[in-house]
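Reading through the structure tokens given below for one structure.
The values are calculated or read from the model by the stated rules, or taken from the named source; none is laboratory data. This is a predicted model, so every value here is computed, not measured. Using ideal geometry, Cβ is built from the backbone for each residue, glycine included, and neighbour counts are taken over all protein chains shown. All accessible areas refer to the heavy atoms of the entire protein, side chains included, with ligands and DNA or RNA removed. Shrake-Rupley method; radii C 1.70, N 1.55, O 1.52, S 1.80 Å.
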Amino acid sequence: MKLRHIALAACAAAALASGMAQAQQKVQFFPSLTGRTGPVAPNATPFANGYADYMKLVNLRGGINGVMTLVEECETAYDTARGVECYERLKGKHGGATVFQPLSTGITFALTEKVPADKIPLITSGYGRSDSADGTIFKWNFPLLGHYWVAGDTVLQHIAKQQGGWDKLKGKKIAVVFHDSPFGKELLPIVQERAAMHGFELQLLPVPAPGVEQKSIWLQVRQQRPDFVVMQTWGVMTPTAIKEAIAVGYPREKMFGTWWSGAEPDLRDIGASAKGYNAVMMQHGAEPQSAVVKEILEKVHAKGQGTGPKEEVGSVLYMRGVVGAMLAVEGVRAAQERYGKGKPMTGEQARWGYENLNLTQAKLDAAGFKGVLRPISTSCNDHMGATVARVHTWDGAKFTWASDWLQADESLIKPLVRTSAEKYAGEKKLTRRAPSDCQS
């Protein structure tokens with residue numbers, strides 16, 4: 001009986017020690033709003049897998065200066081109301097959310113109203129509010145790497161360059177096929193600005209969500225015969241559009257998607273018939289030979305710890321999830337330099353890190369992103385940090401690079417951002433941040 005009591009006491013002590021160790025483990029919580037179901041599932045799922053796998057890799061590297069990452073997913077199905085519900089459910093868990101990445105412009109618009117009170121930043125790389133690049137109005141929003149106006153400007157630059165200059169677009173017609181939602185409409189200001197500057201005609205063709213019925217849209221394309229088609233589509237809408245273009249005989253080499261309209265799930269089932277289709281990319285594309293992908297395969301997937309199928313590792317949207325996770329982590333690392341190396345950061349402290357990112361090429365290369373990303377540097381005035389892009393083209397089986405690096409025209413974009421941000425501030429009765437607040 002005495003031995004039994006001793007054994008029970010030992011088990012109890014071990015359980016207590018284990019519980020204390022777990023309680024004492026330093027954790028940084030990164031909620032993940034996923035779209036594994038619904039109309040964008042084929043595209044949003046690789047993003048979520050890449051995000052989770054990179055966070056696992058960070059822990060295998062020793063965490064963020066010893067602080068382990070913790071990811072918990074909540075499924076939104078690309079629905080704004082569900083996205084807000086997920087935000088409310090996760091924001092206070094595991095010591096508090098570090099940062100949210102909604103992967104939805106509609107959810108971003110809704111959360112933009114909530115995060116200032118909760119003091120939780122948003123990273124919206126390549127989506128959300130384009131005017132949120134102005135950090136003096138949007139303190140908590142970070143469209144890191146680019147927003148829709150960068151996408152629209154660079155894709156039009158590419159088209160103009162192919163034609164021999166902006167003057168060659170005068171009198172031509174460019175159709176814009178766009179998701180009839182805040183996501184789709186966000187592209188319009190920059191293409192309208194360029195049309196007014198260079199004298200080309202726009203044909204605006206909104207497509208109701210989810211976008212599986214587009215016959216009437218492409219009949220208009222067949223009738224009007226625009227010189228080029230620019231697509232701001234996402235999920236099932238993109239392959240549907242390409243199939244309809246094939247059906248009406250519109251040349252794929254005259255079709256240009258933005259960065260949510262040009263990934264493998266959009267074209268894989270269409271194959272050779274989609275050859276020539278183009279899309280502008282937010283710096284990276286498919287990166288199977290990158291150092292970070294090789295490290296994920298070796299340290300995560302080879303150990304049976306991969307989140308999704310091994311075959312998708314390094315694909316366009318998987319890489320976008322990897323990049324999103326890297327940005328989330330590096331903001332925390334920057335914050336630790338100010339608030340305490342090796343300590344978990346609050347959302348408010350992480351926000352400072354995202355506003356003071358300085359990811360040099362050497363830092364990016366060391367993290368495994370050589371040839372994938374170029375330097376990213378943010379400030380109070382600039383919450384985007386980079387304005388470069390590239391275009392890739394579908395060769396019938398995969399994407400290959402079709403342009404050099406393209407630099408968005410900031411002399412055109414910055415006034416658009418400022419005007420739109422000031423309009424928002426007026427509507428919400430906000431004032432620009434004082435210089436002292438930019439240091440907080």
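Rolling a 1.4 Å probe across the protein heavy atoms gives the chain an accessible surface of 40 Å² per residue. Computed as a quarter of the hull surface, the mean projected area of the alpha carbon convex hull for region 374-440 stands at 7.2 nm².
What the Cα convex hull of region 161-201 gives, in volume per residue, is 72 Å³. The longest stretch of the chain left intact once loop-based GluC sites (Glu not before Pro) with at most 15 other Cβ atoms within 10 Å are removed from consideration, loops following DSSP, is 214-440. Across region 39-165, Cα-Cα pairs farther apart than 24 Å form 38% of the total. Which of the three applies to region 196-248, rounded, prolate or oblate, going by the alpha-carbon gyration tensor with a ≥ b ≥ c and a/c under 1.5 meaning rounded? Cα axes put region 196-248 in the prolate bin.
Per residue, the convex hull spanned by the Cα atoms of region 30-102 amounts to 69 cubic angstrom. Counting every C-alpha pair in region 247-314, the share spaced more than 14 angstrom apart comes to 67%. Computed in the context of the full set of protein chains, the accessible area of the chain at 1.4 Å probe radius has 54% of its extent on carbon or sulfur.
Rounded to the nearest 500, the 222 nm mean residue ellipticity of the chain from helices alone is -13500 deg cm²/dmol, with -39,500 (n - 2.57) taken per DSSP H run of at least 4 residues.
Put a plus charge on the Cβ of each Lys and Arg, a minus charge on the Cβ of each Asp and Glu, and nothing anywhere else: the dipole of the chain about its Cα centre is then about 720 debye. Computed from backbone phi, the HN-Hα couplings of region 325-330 come to 5, 4, 4, 4, 5, 5 Hz, rounded to whole numbers (Karplus: 6.51 cos²θ - 1.76 cosθ + 1.60, θ = phi - 60°; Gly and Pro given as x). Building the convex hull from the alpha-carbon atoms of region 202-293 and averaging its projection over directions returns 6.5 nm².
Enclosing the Cα atoms of region 309-419 in their convex hull gives a volume equal to 151 cubic angstrom per residue. Here Cα extents along the principal axes in Å was calculated from the structure, and among [x] 78, 56, 44; [y] 93, 51, 41; [z] 65, 60, 46 it sits at label [y].
Multiplying each eigenvalue of the alpha-carbon gyration tensor of region 107-236 by 5 and taking the square root yields semi-axes of 30, 19, 10 Å, largest first, rounded to whole angstroms. Along its three principal directions, the equivalent ellipsoid of region 148-305 from the Cα gyration tensor extends over semi-axes of 30, 19, 15 Å, largest first. The accessible-area ordering, largest first, of the residues 399, 138 stands as 399, 138, per a 1.4 angstrom probe.
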